[in-house]
Amino acid sequence: MRKEHWRALRRDQALYWLMLPGILFYIVFKYVPMYGVLISFQNYSIGKGIWGSEWVGFKHFIDFFTRTPDAWQLIRNTLLLNVYELLFAFPAPILLALLLNELRVVLFRRFIQTVSYLPHFLSTVVIVGMVVNFLSPSSGIVNHVLVMLGIEPIMFMAEPGWFRTIYVASEIWQTLGWGTILYLAAIAGVDPTLYEAARMDGANRFQQIRHITFVGMLPVVIILLVLNLGKMMEIGYQKIILLYNPTLYDTADVINTFVYRRGLINADFSFAAAVGLFQAVIGFVLVVAANKLARKTAHGSLW
């Protein structure tokens with residue numbers, strides 16, 4: 001058995017060499033820094049270092065839930081933004097992939113793919129700048145259209161009720177085209193003879209999409225769904241920080257932005273690390289639970 005392993009290793013050594021940079025990246029930048037979570041259980045002092053700082057146990061975790069007035073609002077905002085993304089942003093590339101697969105005019109299909117991919121290659125700063133300009137009450141195109149329809153201009157970037165809509169819509173715009181790549185690759189792997197057999201049995205195009213195309217891409221959908229469920233307590237803070245302001249904290253302030261302010265701006269490293277660790281543990285539990293449910297579907301799972 002050992003000889004077979006060495007033989008396989010020599011045969012596929014080129015693939016292992018290709019994997020090496022990715023493995024080193026995760027070891028150096030993901031696993032080695034993990035010892036830093038120790039400061040979650042300390043009153044960390046830069047001068048004393050990790051091993052010289054005072055140990056306080058679960059004090060910072062308890063303080064977050066009992067002495068932080070906005071703790072539950074932060075959790076609520078984080079969950080709601082992720083739920084809205086799961087409901088609207090997650091299915092969007094699936095639908096686009098199905099629609100693109102049904103297009104028979106190749107040039108038109110490539111044009112749609114190219115246009116939908118472009119926002120992915122723009123930086124978050126550029127995307128946010130465009131969103132702010134589009135929604136400007138004085139010069140934004142959206143408010144110009146509203147005025148033409150006889151509606152008063154809306155201060156989108158100053159009303160908390162609009163923030164979640166703006167955030168999710170910008171996420172769909174930015175990730176829609178790029179997200180279709182995996183789904184189109186999964187559709188490309190579907191056996192064409194299945195469509196021929198379905199047509200012979202009298203299936204129309206909608207029935208072929210439902211029973212062949214969608215089923216063929218279902219394993220990829222489930223794997224990506226598991227990964228998304230694991231991020232239910234985590235959301236990218238870069239776009240939120242660029243979009244929000246104190247008037248929007250009621251709906252825009254999430255755990256990651258709180259950690260950023262408390263840890264980097266206020267230099268309360270231990271408290272911020274404790275909140276981040278709590279967030280990571282919840283995410284790990286969600287990934288394991290979602291993967292266990294996905295394995296029961298027999299359509300695929302992460303492990």
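The values are calculated or read from the model by the stated rules, or taken from the named source; none is laboratory data. Here the structure is a predicted model, which is why all the values come from computation and not from measurement. Counting neighbours? That spans all protein chains shown, and the Cβs are built from the backbone with ideal geometry, glycine included. Accessible surface is based on the protein model in full, side chains and every heavy atom, while ligands, DNA and RNA are left aside. Shrake-Rupley method; radii C 1.70, N 1.55, O 1.52, S 1.80 Å.
When the charge dipole of region 48-297 is built from unit charges on Cβ atoms (+1 for Lys and Arg, -1 for Asp and Glu) and taken about the Cα centre, the candidate among 154, 125, 140 whose Cα reaches farthest toward its positive end is 125. 3J(HN,Hα) along region 15-23: 5, 5, 5, 5, 6, 4, x, x, 5 Hz, from the Karplus curve 6.51 cos²θ - 1.76 cosθ + 1.60 with θ = phi - 60°, whole Hz, x for Gly and Pro.
Starting from the Cα of residue 133, move 7 Å in the Cα-to-Cβ direction to define the label point; list residues of region 85-127 whose amide nitrogen is under 15 Å from there. Answer for this model: 119, 122-127.
Of the whole protein surface, residue 191 contributes about 70 Å² of accessible area at a 1.4 Å probe radius. Between residue 155 and residue 79, how high is the FRET efficiency from 1/(1 + (r/R0)^6) when r is the Cβ-Cβ distance and R₀ = 35 Å? Nearest 0.05. Between residue 155 and residue 79 the formula returns 0.85.
Averaged over all directions, how much area does the convex hull of the C-alpha atoms of region 108-191 cover when projected, in nm²? If you wrap the Cα atoms of region 108-191 in a convex hull and average its projections, you get 7.6 nm². For the chain, modelled as a GNM with alpha-carbon contacts under 10 angstrom, which of 158, 272, 252 fluctuates the most? Checking each option, the largest mean-square fluctuation is seen for 158. Projecting label points 7 angstrom from Cα along Cα→Cβ for residue 118 and residue 55 puts them 5.8 nm apart. All other residues whose Cβ lies under 13 angstrom from that of residue 203 are scored, Lys and Arg at +1 and Asp and Glu at -1, for a net of +1. Calculated from the alpha-carbon coordinates, region 168-284 shows an Rg and a Dmax of 21.3, 68 Å respectively. Taking springs between alpha-carbon atoms closer than 10 angstrom, which of 40, 53, 170 fluctuates most in the Gaussian network model of the chain? Judging by the Gaussian network model, the answer is 53. The residue list 57, 93, 14 was ranked by how far each Cα lies along the charge dipole of the chain toward its positive end, using unit charges on Cβ atoms, and 14 comes out on top. Reported to the nearest whole Å, the Cα centre-to-centre distance from region 134-182 to region 275-293 is 32. Rounded, prolate or oblate: which one fits the chain, using the alpha carbon gyration tensor with axes a ≥ b ≥ c (rounded when a/c is under 1.5, else prolate when a/b beats b/c, else oblate)? Judged from the Cα gyration tensor, the chain comes out oblate (a/c at least 1.5, b/c at or above a/b).
Model label sites at residue 13 and residue 185, defined 7 Å from Cα along the beta-carbon direction, differ in position by 2.7 nm. Taking the chain as a Gaussian network, where each spring joins two C-alpha atoms under 10 Å apart, which residue of 37, 226, 145 fluctuates the most? With Cα springs under 10 Å in the chain, the top fluctuation among 37, 226, 145 is at 145. For region 48-297, what number of Lys pairs, 8 or more residues apart or on separate chains, have alpha-carbon atoms under 30 Å from each other? For region 48-297, qualifying lysine pairs total 5.
The simple spin-label model puts a point 7 Å past each Cα toward its Cβ; for residue 43 and residue 162 those points are separated by 4.6 nm.
Here the extension length gained between residue 199 and residue 169 equals 7.0 nm, from 0.36 nm per residue of separation less the Cα-Cα distance. Rounded to 0.05, the FRET efficiency of the residue 144 and residue 68 pair, given R0 = 51 Å and the Cβ-Cβ distance, is 0.75.
Remark: the Cα gyration tensor places region 1-102 in the oblate category, a/c being 1.5 or greater and a/b not exceeding b/c. When only alpha carbons are used to place a centre, region 189-209 and region 1-75 end up 48 Å from one another.
Averaged per residue, what accessible area in Å² does the chain show with a 1.4 Å probe, protein chains only? Provide the component values of the computation, followed by the final result.
Numbers: 18860 Å² over 303 residues.
It amounts to 62 Å² per residue over the chain.
Heavy-atom surface analysis with a 1.4 Å probe gives region 48-297 a carbon and sulfur content of 69 percent of its accessible area.
Give, rounded to the nearest 20 debye, the magnitude of the charge dipole that the chain has about its Cα centre when Lys and Arg contribute +1 at Cβ and Asp and Glu contribute -1 at Cβ.
For this selection, approximately 1100 debye.
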